[in-house]
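Presented below is the structure to which this report refers.
The values are calculated or read from the model by the stated rules, or taken from the named source; none is laboratory data. Owing to the predicted nature of the structure, the values given are computational and were not obtained by experimental measurement. Cβ: placed from backbone, ideal geometry, glycine included. Neighbour counts: every protein chain shown. Calculation scope for accessible area: heavy atoms of the full protein, side chains included, ligands and nucleic acids excluded. Shrake-Rupley method; radii C 1.70, N 1.55, O 1.52, S 1.80 Å.
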Amino acid sequence: MGGITPFTATDYPGQLAAVVFVQGCPWRCGYCHNPHLQSRTRDSPLAWAQVLALLQRRVGLIDAVVFSGGEPTIDRALGNAMREVRALGFGVGLHTAGMYPRRLQEVLPLVDWVGMDIKATQQGYDAITRTADSAKTVWASAKLLVASGVAHEFRTTVHPGLHTPSEILALAQTLSAMGVRNYVLQVFRSTGCKDDELNVISTEKFPSADLIENMSALFESFVLRRE
């Protein structure tokens, strides 16, 4: 495990939760707020036994445990960890970028809510992830999630240096046509970001009010997050 946040009210909608951070991610997104978790080291900073002991002390104080990262579906032990969390009486949340659809399919029956990051239209993925063919498996995961019946939201972090308004609207239209009903647009924040090129570009007036209005009409629930 890469770490744990013992209490949060923002990582699982409507629930008080702890967040368990899993090491490892194959992508290198410039706006990543957890770049220290991108590498998967042989020795974990925090043993699962320690995490489980902390969670046992949180019984009755929180509602759920969210597995985040990094990319949690990179870990073959994710399903077993979720089962142990459920055995303590917690709900289970998952943050994923969808690059491992087979493992996502395996753990979906163990999950109560999923927040799925969708980076861009298929054509725009590699520029953001800095990884070739990075969109290859994402849309398979997105379709699995929509079809699963598991409560979820899709969210996209946008930056004027990475996304044009037309690309953002096209992405939203694609998701709406797939059956996505809950969508969050997250405006890039420089906090924790080590990419100087992104940090110097202002996001104050991005996206425009017209774009927000057009997107909000596509979903039952649309949220714009600036903080």
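Observations
- Residue match in segment 107-120 (condition: of a type outside the set (D, E, K, R) and more than 24 Å from L175 (Cβ to Cβ)): yes
- When K119, K143 are checked against the criterion of being farther than 22 Å from E213 by Cβ, in contact (Cβ under 8 Å) with a residue 24 or more places away in the chain, charged (D, E, K, R) and open to solvent by less than 40 Å² (accessible area, probe 1.4 Å), a single residue qualifies: K119.
- Residue list for segment 65-111, restricted to those being closer than 30 Å to Y125 by Cβ, more than 13 Å from the chain's Cα centre (by Cα) and in a strand (DSSP E or B): V65, V92
- In segment 8-23, the residues that are touching a residue at least 24 places away in the same chain (Cβ under 8 Å), of a type in the set (A, V, I, L, M, F, W, C) and either in contact with a helix residue (DSSP H, G or I) (Cβ under 7 Å, 6 or more places away or on another chain) or outside any strand (DSSP E or B) (or both): L16, A18, V20, F21, V22
- Residue list for segment 112-146, filter: assigned to a helix (DSSP H, G or I) and not small (G, A, S): Q122, Q123, Y125, D126, I128, T129, V138, W139, K143, L144, L145, V146
- Residue pairs whose Cβ atoms lie under 8 Å apart, sitting 6 or more positions apart in sequence or on different chains, and linking a residue in segment 81-106 that is open to solvent by 60 Å² or more (accessible area, probe 1.4 Å) to a partner that is aliphatic (A, V, I, L, M) and assigned to a strand (DSSP E or B), are R86/V92; G89/V59.
- All positions within segment 63-79 that are among the hydrophobic types (A, V, I, L, M, F, W, C) and open to solvent by less than 10 Å² (accessible area, probe 1.4 Å): A64, V65, V66, F67, L78
- Candidates are the residues of segment 147-189 that are over 21 Å from L104 (Cα atoms) and part of a loop (DSSP other than H, G, I, E, B); the one that is most open to solvent (accessible area, probe 1.4 Å) is R189.
- Scanning segment 34-46 for residues that are exposed (fewer than 15 other Cβ atoms within 10 Å of the Cβ) and touching a residue at least 40 places away in the same chain (Cβ under 8 Å) returns a single hit, P45.
- Among the residues making up segment 1-42, those that are among the aromatic types (F, W, Y) and farther than 27 Å from T131 by Cβ are F7, Y12.
- Between D75, D112, the distinction of being more than 23 Å from Q23 (Cβ to Cβ), in contact with a strand residue (DSSP E or B) (Cβ under 7 Å, 6 or more places away or on another chain) and among the charged types (D, E, K, R) belongs to D112 only.
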